[in-house]
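Here's the structure, in structure tokens; my notes come after.
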Amino acid sequence: MDAITSGDGNTVVGRAAGSAFTSSSNNTIVGLSAAGNLSTATGQNTTIGGYAGYYNQTGNNNVGVGFSAMQGASGQSNSNNSSLGHTSLGSITTGDNNVAFGYQAGNNITSGSGNVVIGRADVSSATGDDQLSISDGEDGSVVWMTGDSSANITFAAEVAAATLDISGAIDIASELLKVSHTAGVTNSESVLINGVSGHTYTILSIVATETAGAAETIDLYIDDDGGGTDYELLSDQAIGANETFVFNDKFVIEGTDHLCAAAASSANIDIVVSYLDQTL
């Protein structure tokens with residue numbers, strides 16, 4: 001710290017650590033050549049480890065822990081980054097607000113900002129923003145989850161197919177949210193949900209839209225595997241021309257029961273059913 005002219009509240013330990021300080025304040029620098037080029041930054045940087053934050057010149061509010069963590073490239077400045085691990089964010093140049101945890105985590109990020117990296121796998125773009133990567137910490141060959149700036153999340157195939165058990169009582173994989181779209185329902189019976197043995201179906205909503213331009217009525221009922229109308233849900237429900245009717249009463253059908261509909265005439269009605277399909 002021989003070059004310092006102003007600034008206070010600094011803690012510097014290590015050979016050549018903070019050696020370019022002139023007016024920066026409230027920094028904690030520990031390690032060989034740690035923050036060796038930091039000069040006129042406002043401060044509040046914490047770098048611990050040999051060459052940690054070495055090339056950052058004027059950046060503020062960074063936390064870099066580990067050998068060469070946030071070492072960066074000559075003549076660059078960045079702020080508000082947090083890295084923990086050997087060479088984590090080791091190539092950072094002007095990127096801000098990144099979070100990296102693990103050995104070489106986020107090591108390919110240069111000017112990208114707002115990225116979150118856990119594990120060794122790189123994000124897809126060194127200059128991209130708001131990316132997510134969660135992987136193993138050994139070599140990054142197993143990537144469990146990735147994300148992009150549009151908040152699209154992608155899971156590894158092994159994760160997407162996995163079963164999550166909560167206290168052994170709730171099997172998330174056995175219950176799926178589904179949507180059934182049946183177009184052109186006329187006066188002939190249309191099966192909206194074709195029940196399968198061993199399944200329970202929780203109906204969440206039914207949306208019926210008249211598409212032929214003429215007022216219509218529909219019947220909605222449960223059919224016990226083709227044995228006729230066992231339970232009538234709606235009878236002669238009126239739907240105006242090109243209008244939509246929403247049935248939000250929740251109910252359950254089981255096994256081979258069918259959810260069916262029929263119109264009073266040959267006019268076309270489109271029906272969308274949202275439901276949970278649970279395997280017993």
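Structure values in brief
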{"read-out": "Conditions (1) within 24 Å of Ser135 (Cα to Cα); (2) within 30 Å of the chain's Cα centre (by Cα); number of the one not met by Ser79", "value": "(1)"}
{"read-out": "3 or more residues at pLDDT below 95 and crowded, with 24+ Cβ neighbours inside 10 Å: qualifying strands (runs of 3 or more DSSP E) within the stretch 16-94", "value": "none"}
{"read-out": "Ser111 vs. criteria among the polar types (S, T, N, Q), in contact (Cβ under 8 Å) with a residue 12 or more places away in the chain and farther than 28 Å from Ser24 by Cα", "value": "no"}
{"read-out": "Condition met for Ala105 (in the same structural domain as Ala156 (by TED's automatic domain parsing), modelled with pLDDT of 95 or more and not in a loop (DSSP other than H, G, I, E, B))", "value": "no"}
{"read-out": "Residue check, Gly137 of a type outside the set (S, T, N, Q), touching a Gly at 6+ places or on another chain (Cβ under 6 Å), at pLDDT 85 or above and outside the structural domain of His86 (by TED's automatic domain parsing)", "value": "no"}
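The values are calculated or read from the model by the stated rules, or taken from the named source; none is laboratory data. Since we're looking at a predicted model, the values are computed, not measured. Neighbour counts run over all protein chains shown; Cβ positions are idealised from the backbone, glycine included.
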